[in-house]
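The values are calculated or read from the model by the stated rules, or taken from the named source; none is laboratory data. Predicted, not measured: the structure shown is a model, and the values here were computed from it. No Cβ is skipped: glycine too gets one built from the backbone with ideal geometry, and neighbour counts run over all protein chains shown.
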Amino acid sequence: MITTMVGNYPKISPDAKAPSLRTAINRFDEGRISLDDLKRVEDEVTQEVIQDQVDAGLDLVTDGQIRWDDGQTYFARGITGYTINGLIRYFDTNTYYRHPIPEQKLQSNGGISVKDFEFAAANSQRPVKAVITGPYTLARLSQLGCYDDLRSLVMDLAGILNREARALQAAGATVIQLDEPSILKHKDDADLFAEAIECVVDGITATKALCTYFGDASGIHRRLFGLPVDLVGLDFVMGPANFDLVADLPEDKMLGCGIVDARNTRAETAEEIAETIRRLAATVPMDRLHVNPSCGLDFLPRPNARAKLVRLVEGAKLAQGSAS
Amino acid sequence: MSNGLLTTAVGSYPKPDYITRARGRFQRGQIGAEELTELEKQATAHWIDIQERLGMDVVVDGEMYRGDMVAYFAENMSGFTNSGLVRSYGNRYYRKPIATGPVGRDKEVTVDWWRYAQSLTDKPVKGMLTGPYTIVDWSFNEYYPTREAFLMDMARVVHEEAVDLVKAGARYIQIDEPALSVRPEEMEMAAKAFAIVTDGLDAFTITHICYGDFAAVFPHLANFPVDMLDMETTNSGYDFLDLIRGYPSFDKYVSMGVVDVHSHVVESLDKVKSGIRMGLEVLSPDKLFIDPDCGMKTRTEEECVAKLQVISDAVREVKQELGLGLG
């Protein structure tokens, strides 16, 4: 069993001695520090949040997505043809992102996240998972702009993100995760979705994870389980119906288990977490489980996020101990 | 009412630097509550004066004494504690309340401020509350077993505050529900809670909603237990007007945002006038109020006043062109 994170981690720390990204961004916006100065702080904070994950005992970490304003604009800004528009709410969360618009046909402009992945890999004692916002979700959370229909936007993004995945693989990524929360809100698009995912993972030999959150996959779970990926991630907090679906997971697939509520401060006990893992392991053996928070942890204050990871690892140990 | 096209604002105005500094000093224990309150009163009077000079019809107190729209109520009600900082977007952070016990109200929260603001002007001052659904949705919950239980308790508490505002003399009560537009499956529950808030209120009720998928929840909005919908419309390209057009039985009053509150750029007079005319294609002037998209606390005072000025100028010119008179 692997303990891991879904993706992002709170960017600011209440520790007065820690490097402050918030202050650095303000100073950069006011023209008081250079871009290099800002990047140095981003590097320091990235090192700090990787260390938080290592200290908590995670087996597989992420870079915490410290440099991402959000999952959409981080990629859209690196794709030729996109412009960035006004604020819009991100799903049903009280957080916002700027709406990307394709003003002309989108084209790859080379690696978007590769340098950031390389930095994280060089600064982690644990393997680093590369995370890409999937083509369907990126398209759904963009405007259509110059595109006539959703399909052509999704498939153009799929081709561009395939290049991104290949570049990450060439940079040494052994696990590549595609985040696709939007498919849970538009289940009628399962065919288009499957086509897009097949396109993105073409030529990828690294472990391929497909991660969903903010709901359950009922109605499309067999489609998701049948995709050419190695792991399917489900959110068991906001989508309790997912518990009934995992029995259909093929034996050659791993299950990503979002079992700690990443959107509420209430700290689950290690025993609660272990109990949920045992419940899942009754259907899918523990050696095929990745256990993680229900989604990115950036919805929480840093101390709560850190506590969630510590409890997750404790719960996983408890479950493994009782199973052996 | 009047000749229609009344001008108003959504709620917050930018805080002068001396308020920001004083709030910081108060938090560090360097000044007392009385000193802070005096400065907040001074800033409130300043904004009332600006609104009077601009000729706005229905004014707000500008929320000089509030931080975040949810945290302010949580801090002044029982049952909540505050979390550490969480991110809203970009580099903006706030403290999100945590429900750690049953929510309740030991004293009036906003009534003294409403009384003070109303004492400074003959224009009606809106009573400004945050709605129960938004407080619940934008808080962490470590106490209630379900969202519904949290929501219904919260609705009763907000209702008590609304009743006290009306008793004090408020004729307009705005109950903001910006969280409403994102979860269609909870709209019925949200409307049930809102009906508890507005139940029996002898006032014109308004709710402000912004930044969401209005199309998905529009039938619920059209039947929401409130007199007026105050909508963010500019930022979303006036799509809201098409929804009204496609719903012939729509009979709510609408307050329409005609300037973007997240942009430094002050809209041109022509652009704002064209927005107002678009609104008048679907709503009669007596059913249409004109205001900014949302609260303006993230703008500078200069930007804010310039945006309010262009609204005021645009409304005056459109009224003249339509022969509506100047009220």
Fill in the blank from the handout: Flagged in the range A:18-60 as crowded, with 17+ Cβ neighbours inside 10 Å, among the aliphatic types (A, V, I, L, M) and more than 13 Å from chain B (Cβ to nearest Cβ), in numbering order, are A:Ile33, A:Val49, A:Ile50, A:Ala56, A:Leu58, A:Leu60
Practice task
Within the range B:42-56, work out how many residues are surrounded by fewer than 13 Cβ atoms within 10 Å (Cβ to Cβ) and either farther than 29 Å from B:Leu229 by Cβ or among the acidic types (Asp, Glu) (or both).
Solution key: 1
Handout entry: Residue under evaluation A:Ala305, criteria (1) touching a residue at least 40 places away in the same chain (Cβ under 8 Å); (2) in a loop (DSSP other than H, G, I, E, B), criterion not met
Key = (2)
Practice task
Might you let me know whether the range B:224-231 holds any residue that is farther than 12 Å from B:Tyr133 by Cβ, surrounded by fewer than 17 Cβ atoms within 10 Å (Cβ to Cβ) and at pLDDT below 95?
Solution key: no
Completion exercise
Quick count over the range A:36-78, residues being out of contact with any strand residue (DSSP E or B) (no Cβ under 8 Å at 6 or more places or on another chain) and of a type in the set (D, E, K, R), is 11
Exercise for the section: Test A:Asp63 against the criterion of being more than 21 Å from A:Asn264 (Cα to Cα), surrounded by fewer than 21 Cβ atoms within 10 Å (Cβ to Cβ) and at pLDDT 95 or above, and give yes or no. Expected result: no
Handout entry: Hits in the range B:40-82 (condition: in a helix (DSSP H, G or I) and within 26 Å of A:Arg302 (Cβ to Cβ))
Key = B:Ala71, B:Tyr72, B:Phe73, B:Ala74, B:Glu75
Fill in the blank from the handout: Scanning the range A:254-272 residue by residue, those hydroxyl-bearing (Ser, Thr, Tyr) and crowded, with 17+ Cβ neighbours inside 10 Å turn out to be A:Thr265
Handout entry: Among residues of the range B:1-41, those that are in contact (Cβ under 8 Å) with a residue 12 or more places away in the chain and surrounded by 14 or more Cβ atoms within 10 Å (Cβ to Cβ), counted
Key = 22
Problem - Members of the range B:119-157 found to be within 12 Å of chain A (Cβ to nearest Cβ) and in contact with a Gly (Cβ under 8 Å, 6 or more places away or on another chain), listed by number - result: B:Tyr143
Problem - Residue that is buried (at least 19 other Cβ atoms within 10 Å of the Cβ), within 14 Å of another protein chain (Cβ to nearest Cβ), assigned to a loop (DSSP other than H, G, I, E, B) and free of Cβ contacts under 8 Å to residues at least 60 places away in the same chain, where the choices are A:Asp92, A:Asp70, A:Asp15 - result: A:Asp70
Exercise for the section: Among what's in the range A:273-301 and is within 14 Å of chain B (Cβ to nearest Cβ) and in a helix (DSSP H, G or I), pick the residue that is nearest to A:Thr95 (Cα to Cα). Expected result: A:Phe299
Fill in the blank from the handout: Being within 29 Å of A:Tyr74 (Cβ to Cβ), within 14 Å of chain A (Cβ to nearest Cβ) and in contact (Cβ under 8 Å) with a residue 24 or more places away in the chain narrows B:Arg87, B:Arg95 down to just B:Arg95
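Scanning for something over 19 Å from the mean Cα position of the chain (by Cα), of a type outside the set (Lys, Arg) and within 14 Å of chain A (Cβ to nearest Cβ), does the range B:252-264 turn up at least one residue? Walk me through it before giving the result.
Step one: filter the range B:252-264 for residues over 19 Å from the mean Cα position of the chain (by Cα), giving B:264.
Retained after the next criterion (residues that are of a type outside the set (Lys, Arg)): B:264.
In the following step, the residues that additionally are within 14 Å of chain A (Cβ to nearest Cβ) were identified as B:264.
For the range B:252-264, residues over 19 Å from the mean Cα position of the chain (by Cα), of a type outside the set (Lys, Arg) and within 14 Å of chain A (Cβ to nearest Cβ): present.
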Problem - Odd one out for B:Ile276, checked against (1) more than 14 Å from chain A (Cβ to nearest Cβ); (2) crowded, with 19+ Cβ neighbours inside 10 Å; (3) more than 17 Å from B:Gly4 (Cβ to Cβ); (4) not aromatic (Phe, Trp, Tyr) - result: (3)
Exercise for the section: Would you mind stating whether A:Glu251 is surrounded by fewer than 24 Cβ atoms within 10 Å (Cβ to Cβ), in a loop (DSSP other than H, G, I, E, B) and away from every other protein chain (no Cβ under 14 Å)? Expected result: yes
Completion exercise
Taking the range B:74-85 and the residues there that are crowded, with 18+ Cβ neighbours inside 10 Å and modelled with pLDDT of 95 or more, the one that is nearest to A:Asn94 (Cα to Cα) would be B:Ala74
